[in-house]
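Undergrad: What follows is a structure written as C-alpha cells; I'll ask about it next.
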Number of protein chains: 2
Amino acid sequence: MTARARKKREAIPQGVVGRLPIYFRYLTELAQMGVDKVSSAQLGEALDFTAAQIRSDLSYFGSFGQQGYGYNVAELLQQVRQILGMSRKYSLVLVGAGNVGKAIGSYGWFRAEGFVIDAIFDIDPHLIGNIHGGCAIRHVDELPQYLANRPADIGVIATPKEAAQNICDLLVAGGVKGIWNFSPAHLDVPDDVIVENIHLTDSLLRLSFRLNERSQRSGD
Amino acid sequence: MTARARKKREAIPQGVVGRLPIYFRYLTELAQMGVDKVSSAQLGEALDFTAAQIRSDLSYFGSFGQQGYGYNVAELLQQVRQILGMSRKYSLVLVGAGNVGKAIGSYGWFRAEGFVIDAIFDIDPHLIGNIHGGCAIRHVDELPQYLANRPADIGVIATPKEAAQNICDLLVAGGVKGIWNFSPAHLDVPDDVIVENIHLTDSLLRLSFRLNERSQRSGD
C-alpha cells in the first residue's frame, strides 16, 4: 500500500465504513447477475442513498467512476473487499452452541468468504462431541489449550449474558483480537481488542422507538 | 404528552436514540441489583461514555439528575422505557423457522418485555404444525388470511434472501408497519413502514475492517 493510499484509508469516516458492507452486498449481487457497469445514480436508487453520497463515499477509495460511464462493478467490488479486510482468511472460534450459535455455525456465507469457524465450544455435556457445521463441539474448559495450539483471529460469543465476560476474558488471554458478541452483555476488553456487537434487543428497541414515535406523531 | 415534551422527544438525535437501548440494558441491571441511584460518572465509566455525554443524552428526556446526588435509577429506567415505546405491547409474526427463526422464537426476553410472537410461518412441510416457543408453525400461504384476522405490529423476516422481499410485501399488504429483517436482503417498503435490519454479514465485515485497519497500522 502506498503512503497516499494508506492515508486515504485511515481517513475513512465511520459513516462510510458503516456503508461499505452495503456496497459490498449490492455489488456482489450485480456481479452475480453479470452486470459490468453501474452508475452512481443506479447505486443510489438501489440503496436509497443520493448519487452525491455515493460519489462522496466511493471517492475515499480511489477514482473508479468516469463521467457518463459509471463504475466498473468488478473493480469496485475488489476494492471494497480489500478495504473491508476480506482479502485474507480469518480463523474463528465459536463459543455457545445454542440456537444462536447453531444459526451462526450453519451460515455458509462466512466460510465462503474466508471467515472459517475452526472450533465450537459449549458447556452442555449433551452437546459435547456433536458435530455442527463440520466442527466437533468441545467443552469450553478446552478453550485455553486450544487457543494455545491454534491461535484464532475472531472469537464469537453466543453464550448467555452471565457467561459472556468470562468467555471474553478467556478468548483475550488466548490472543484473540476480535470479539463478535451476540450476548446482551457489555464486554470489557483491553485497548488492542476490538468488539463488534450484535445486540438483538437494542435493534428491536430501535424499531419500537420508531414505531412509537410515528404513531405519536400521526396522533397529533 | 405535553407539547413541550413532544417537541423534546421529536428532537432526539439519531445518535442518542442509538444509545437509549444501552442505557435501558444497564439501568435494568442496576435495578435488578437493587441500586437506587447512579451518577453520570458511574454511568459513563460502565458504558465507556464520558460523563458529559451521559448528561447531554439524558437531558433530552427530562431532568432527573441532581448535582452531587445522581439519577434515580427506577425513574430514569421508567422514562427510557417510555421513550423506547416499551409501555405498550407489540404483536409479532415470525416468518422463517430455520436456525435464526428458532433463536428468535425462543428468546424469552422479547415476550417478557411485551414483544409477543403470536404466530410463526414457514414453507417447509416438515415444520408445519410443529410447536416452537408456544406457537404452532403455519404454512406461509396462510399469512394473508392470518393478518386479516389478527393484525400484527411487527413482522420478523428470518427467511433466505430470495424470499425476503416477497414475504415483506405480504406483511405490508397485511397492515404490518414494522419489519425486523434478519435476511441479508435490502427491502423496499412504502414510506409508512419502518425496517430495522440485523445484517450479520455487515457486522462481521465491520469487525474485519477494524481488525485489518489495526494490523495495517501496527505494521507501519
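The values are calculated or read from the model by the stated rules, or taken from the named source; none is laboratory data. Note that the coordinates shown come from a computational prediction; the quantities given were computed from them, not determined experimentally. Don't worry about glycine lacking a Cβ; one is built from the backbone with ideal geometry, like all the others, and counts go over all protein chains shown.
Undergrad: Mind checking which residues of segment A:177-220 are farther than 18 Å from A:Val156 by Cα and among the basic types (Lys, Arg)?
TA: A:Arg206, A:Arg210, A:Arg214, A:Arg217
Undergrad: Using the structure shown, decide if A:Ile137 is β-branched (Val, Ile, Thr), surrounded by 14 or more Cβ atoms within 10 Å (Cβ to Cβ), closer than 17 Å to A:Pro190 by Cα and touching a residue at least 12 places away in the same chain (Cβ under 8 Å).
TA: Details: β-branched (Val, Ile, Thr): yes; surrounded by 14 or more Cβ atoms within 10 Å (Cβ to Cβ): yes; closer than 17 Å to A:Pro190 by Cα: no; touching a residue at least 12 places away in the same chain (Cβ under 8 Å): yes.
Against the criterion (β-branched (Val, Ile, Thr), surrounded by 14 or more Cβ atoms within 10 Å (Cβ to Cβ), closer than 17 Å to A:Pro190 by Cα and touching a residue at least 12 places away in the same chain (Cβ under 8 Å)), A:Ile137 does not qualify.
Undergrad: Mind checking which residues of segment B:170-220 are hydroxyl-bearing (Ser, Thr, Tyr) and more than 8 Å from every other protein chain (Cβ to nearest Cβ)?
TA: Step one: filter segment B:170-220 for residues hydroxyl-bearing (Ser, Thr, Tyr), giving B:183, B:201, B:203, B:208, B:215, B:218.
If the condition is that a residue be hydroxyl-bearing (Ser, Thr, Tyr) and more than 8 Å from every other protein chain (Cβ to nearest Cβ), then B:Ser183, B:Ser215, B:Ser218 are the ones that fit.
Undergrad: Let me ask something additional. Does segment B:164-179 contain any residue that is in contact with a Lys or Arg (Cβ under 7 Å, 6 or more places away or on another chain) and either modelled with pLDDT of 95 or more or at positive phi (or both)?
TA: To start, the set of residues in segment B:164-179 that are in contact with a Lys or Arg (Cβ under 7 Å, 6 or more places away or on another chain) comprises none.
So far as segment B:164-179 goes, no, none of its residues is in contact with a Lys or Arg (Cβ under 7 Å, 6 or more places away or on another chain) and either modelled with pLDDT of 95 or more or at positive phi (or both).
Undergrad: Considering each of B:Asp57, B:Asp48 in turn, give the residue that is in contact (Cβ under 8 Å) with a residue 24 or more places away in the chain and among the acidic types (Asp, Glu).
TA: Exactly one of B:Asp57, B:Asp48 is in contact (Cβ under 8 Å) with a residue 24 or more places away in the chain and among the acidic types (Asp, Glu), namely B:Asp57.
Residue-by-condition table, conditions (1) surrounded by 19 or more Cβ atoms within 10 Å (Cβ to Cβ); (2) among the aromatic types (Phe, Trp, Tyr); (3) in a helix (DSSP H, G or I); (4) within 14 Å of another protein chain (Cβ to nearest Cβ):
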position	(1), (2), (3), (4)
A:Leu30	yes, no, yes, yes
A:Ala41	no, no, yes, no
A:Gly44	no, no, yes, yes
A:Ile54	yes, no, yes, no
A:Leu76	yes, no, yes, no
A:Ser87	no, no, no, yes
A:Ser91	no, no, no, yes
A:Leu94	yes, no, no, yes
A:Ile128	no, no, no, no
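Undergrad: Test each condition in (1) small (Gly, Ala, Ser); (2) under 19 Å from the mean Cα position of the chain (by Cα); (3) within 22 Å of B:Gly105 (Cβ to Cβ); (4) surrounded by fewer than 20 Cβ atoms within 10 Å (Cβ to Cβ) for A:Ala119 and report the one that comes out false.
TA: With respect to (1) small (Gly, Ala, Ser); (2) under 19 Å from the mean Cα position of the chain (by Cα); (3) within 22 Å of B:Gly105 (Cβ to Cβ); (4) surrounded by fewer than 20 Cβ atoms within 10 Å (Cβ to Cβ), A:Ala119 is out only on (3).
Undergrad: Let me ask something additional. Please go through segment B:90-139 and give me each residue that is touching a Phe, Trp or Tyr at 6+ places or on another chain (Cβ under 8 Å) and of a type in the set (Ser, Thr, Tyr), ordered by number.
TA: B:Tyr90
Undergrad: Return yes when A:Ile120 is of a type in the set (A, V, I, L, M, F, W, C) and either away from every other protein chain (no Cβ under 14 Å) or in a loop (DSSP other than H, G, I, E, B) (or both) and no when it is not. Please lay out each step first, then the result.
TA: Working: of a type in the set (A, V, I, L, M, F, W, C): yes; either away from every other protein chain (no Cβ under 14 Å) or in a loop (DSSP other than H, G, I, E, B) (or both): no.
In short, no.
Undergrad: For A:Leu84, work out the one condition from (1) under 23 Å from the mean Cα position of the chain (by Cα); (2) free of Cβ contacts under 8 Å to residues at least 60 places away in the same chain it doesn't fulfil.
TA: (2)
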